[in-house]
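Working notes, structure below.
Bear in mind these aren't lab numbers, they're just calculated from the coordinates by the rules spelled out. Small disclaimer: the values here were computed from a predicted structure and weren't measured. When we count neighbours, we look across all protein chains shown, and the Cβ atoms used for this are built from the backbone with ideal geometry, even at glycine.
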Amino acid sequence: MGFEAEENLEEAFEAEEDLLEDDLEEFRRVKHGVIAKMTYNHVMPDDIVANGNQCTRAERERLWSATGKALEILKKSKANYDEKLFRKWFGVNTDKQTDTMVKTRIQNTYDFMNGGYTKDWDTVCCHNSKGSCSGCSGTTLAYVMGTHADSGSKTSWTWVRVCPSQM
């Protein structure tokens with residue numbers, strides 16, 4: 001092996017080591033609390049009723065049923081990890097979206113959803129894109145809102161906005 005090939009191989013190993021170190025750091029940050037303070041805002045946005053975006057009882061029951069089905073699928077997929085399907089849905093491991101980060105978010109989502117409907121989170125049935133539902137546009141199905149954790153603390157609004165296409 002020539003000097004140039006050895007140098008390229010060494011660079012590739014260093015890049016791989018950096019990626020593994022980044023994955024490990026992200027795991028430590030998410031799992032072991034670089035986010036020093038997490039606050040959940042459970043207050044219903046004040047414009048929901050006025051803009052006609054309150055859920056009916058039937059809509060709540062339908063959403064709860066769908067959530068239960070989604071939890072079962074998440075539970076099954078976590079128990080039966082399939083690399084091919086993981087790649088299909090989440091793509092290739094990158095510096096900005098490591099496999100560890102994606103898997104941690106899946107686990108955190110499962111834990112949060114499994115915590116209990118209306119205990120840890122609730123829904124806003126967006127019948128239009130006014131006010132607190134202004135993020136419902138294009139192909140958006142649903143979304144949540146939160147702040148970035150750059151300062152070591154994060155606020156997450158626990159009202160999941162379900163967009164008109166799903167109502």
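Here each label is just a point 7 Å from Cα along the line to Cβ, and for residue 85 and residue 114 those points are 1.7 nm apart. Applying both filters, DSSP loop and at most 15 other Cβ atoms within 10 Å, to the chymotrypsin sites (Phe, Trp or Tyr not before Pro) of region 43-93 gives 81. Computed from phi, the 3J(HN,Hα) profile of region 52-65 under the Karplus parametrisation 6.51, -1.76, 1.60 (θ = phi - 60°) reads x, 10, 8, 6, 7, 4, 4, 5, 4, 4, 5, 5, 5, 4 Hz, with x in place of Gly and Pro. Counting beta carbons within 10 Å around each of 111, 122 and listing the fewest first gives the order 111, 122. Of 161, 60, the sequence from fewest to most neighbouring Cβ atoms within 10 angstrom is 60, 161. Length gained on full extension, residue 75 to residue 97, computed as 0.36 nm times the residue gap minus the Cα-Cα distance: 5.7 nm.
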